[in-house]
2 protein chains.
Amino acid sequence: MALSPHVPELGALELLLAVARLGSVGRAAAEVGVSQPTASARIKGMERQIGVPLLERSPRGSRPTEAGRLVVEWARQVVEAAQALDAGIDALRERRDAKLRVVASLTVAEYLMPGWLLALAEASPGTAVTLRTANSAEVAGHVLAGDADLGFVEGPTTPPGLAGAVVAADRLVVVVAPGHRWARRRAPLTGTELASTPLVLREPGSGTREVLEMALTPYGGAVPPRMELASSTALKAAAMTGAGPVCLSELAVVEELATRRLVEVPLAEELDLRRPLRAVWPAGQRPGGPARELLGLTRRSSGRPPRRKG
Amino acid sequence: MALSPHVPELGALELLLAVARLGSVGRAAAEVGVSQPTASARIKGMERQIGVPLLERSPRGSRPTEAGRLVVEWARQVVEAAQALDAGIDALRERRDAKLRVVASLTVAEYLMPGWLLALAEASPGTAVTLRTANSAEVAGHVLAGDADLGFVEGPTTPPGLAGAVVAADRLVVVVAPGHRWARRRAPLTGTELASTPLVLREPGSGTREVLEMALTPYGGAVPPRMELASSTALKAAAMTGAGPVCLSELAVVEELATRRLVEVPLAEELDLRRPLRAVWPAGQRPGGPARELLGLTRRSSGRPPRRKG
DNA sequence: AGAGAGCCATAGGTTCAGGCTATGTCCTCA
DNA sequence: TGAGGACATAGCCTGAACCTATGGCTCTCT
């Protein structure tokens, strides 16, 4: 799926959003730091590229056309994702002046951190953050050693020597391609059924694998997997090509489920494949300053709309 | 919030994703249609821009570094949003060869259509779709007149002469800035409280306004609004600057709630601010072909992860 | 009615990012 | 030891994008 040449560049989308917000090409130009004719030409270029007029120009300013309103709203989604990427990139640089050093498990760093960092950057501009990834044991080590101010781990318990708070919950899901037999299934999968089905999974030793095996122990344990792959991405790709039921973190497939490129198979209530995600810090040493602030952002916000149950 | 100059362009992000997927710069170059040296230079440019090596190069190919894996995953979000934008843009052109003509209410077109169109494009490449927006009455008219093959409306009933199916539900929410007094509120707002609070709202006559007034009738009706604004965007901006409680469609603020730039105020169970979104077609004339396919994609998929209740 | 201000479009000239081809280097495998 | 695959470098070239200066339009205020 390559992007068609009709999609404007990020800079152009940003400019369009500024025009919609400020009501004038000239003011938008000033805001993004280019000359007015440049902005004008850029918008015109977008219109040519897209094939539809986006702005109604008048001597008193410019407003989006009907189609323009749609493009603006769609573009906002792209720019917001880019801002999250930006916030993440900013945290990847090693910096001497870092005021907050975070170590997180891969799942948290991949799917939740960018949103949190973006919110933090908006709430407290100038807070330099550095981010590293590590597995849960290493995270605990770094936090205990004082290499990091705040850690994020996944798993049922808080590591010894640390205090922590659950900030979100991940959940394993079973997904199949839309054409798969189970895609139309309404009856929830029982533990027995799941345990007896060869699944496509991550390698042994991964966090998700452990959760699944733990949950299936009461049902006699899982049969050997149909396939073992090294990354969430590989799992998703396998699922889409119809390689049979795949079990992985919900966070990895939110987008695919929403656009129905993958379908979630309902699971029986008896199966609990949830896994808490925790912020951790040295016991008895309450986080202050930027760490406290980041912690505040993660509370009651999972990076995705919360699910309600019961 | 301008994007920093550290964010690579969409083309570069796409190239990076291809490298991660294919395991080689050269193969990725071939896929996106540039020469190998160009791809190599582009990746190198990204690394300089970001300030961190993204790939581990070897004579056998290239794999993302630890930081690279994070950037790849974050970039995927951006590119997927761009693909949705692309699918939307493609549907905005007026085309003679359109196989499927859709008319949708603004809320559906803005927030749900891009994902559906993307899914449709992936499932059936080459299906030319055209999209227009209209209010619910106009949508019904277009569908009845045969100007459109499929319509999407919001509101409690299916318009006369049409058959329909609920494909998703929107929900009005009350949001405030994180600094607002109510942001820390745990006790749900009662109907009486909400009715007696001056809110920031859309103008009278808008769909959301009607839903709110209907829901507050049992409590003596709403007091006059504190402010009336013309668009969801204006409402969001007002909320973020702390203009007091704002009531608008949940779909408009999913992202802001997730990153905690806005906070949802809990509402009492007694208040039902949900509003069904329906697909409609001429009564007795079941949609076939592409319309049927699109309809299939919208079922059980709300464009966002479904909420569970009870 | 006329002057001024605000906004967008056009013209002309310049710079530099990004592309391509050809070639070099390094490692692996037969 | 030679061939093949993979990434890097060199040198050249095109064109996209930017800037300044200017023009035309409409609304408003005097």
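Quick note: the coordinates plus some simple rules give every number you see, no bench work behind them. None of these values were measured; they are calculated from a predicted model. A quick note on method: Cβ atoms are made from the backbone with ideal geometry, for glycine too, and the neighbour counts reach across all protein chains shown.
Here is how the numbers come out for the structure above:
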item	result
Label 7 Å beyond Cα on the Cβ vector: B:A2 copy-to-copy distances, nm	3.3
Long-range tail of P(r) for the range B:1-149 (Cα pairs > 21 Å, %)	55 percent
Rounded to 5, percent antiparallel among DSSP beta bridges of the range A:99-300	60 percent
Sum of -39500 (n - 2.57) over DSSP H runs of 4+, divided by residues of chain A (222 nm, nearest 500)	-13000 deg cm²/dmol
Test item: A:158-164 mean partner chain Cβ contacts at 10 Å	0
All aspartates and glutamates inside 19 Å of A:K99 as judged from Cα atoms, apart from same-chain residues fewer than 8 positions distant	A:D86, A:D90, A:E122, A:D147, A:D149, A:E293
Sum of side-chain charges, A:H142 neighbourhood, beta-carbon under 13 Å (Lys, Arg +1; Asp, Glu -1)	-1
Loop-located GluC sites (Glu not before Pro) in the range B:70-125, at most 15 other Cβ atoms within 10 Å (DSSP)	B:E94
Degrees, to the nearest 10: A:289-298 long Cα axis against longest axis of chain A	80 degrees
Relative contact order of the range A:1-155, defined on C-alpha pairs under 8 angstrom at six or more residues apart (%)	19 percent
Residue mean of other protein chain beta carbons inside 10 Å, B:108-116	4
Charge dipole (the protein assembly as shown, unit charges on Cβ, about Cα centre) - positive-most of A:P290, A:G68, A:L10	A:P290
Distance between modelled label sites at A:A187 and B:R274, nm, 7 Å Cα→Cβ extension	2.7 nm
Ratio of Rg to Rh over the protein assembly as shown (Cα coordinates, Kirkwood Rh, two decimals)	0.95
Dmax and Rg, reported as Rg then Dmax, of the range A:10-96 (C-alpha, Å)	14.4, 50
Positive-end extreme of charge dipole, the range A:190-247 - chosen from A:T241, A:A230, A:V200 (charges on Cβ)	A:T241
Fraction of antiparallel bridges per DSSP, the protein assembly as shown only, in percent to nearest 5	65 percent
Projected area, mean over directions - chain A, Cα convex hull, nm²	19.8 nm²
Percentage relative contact order, chain B, counting C-alpha pairs under 8 Å, at least six apart	19 percent
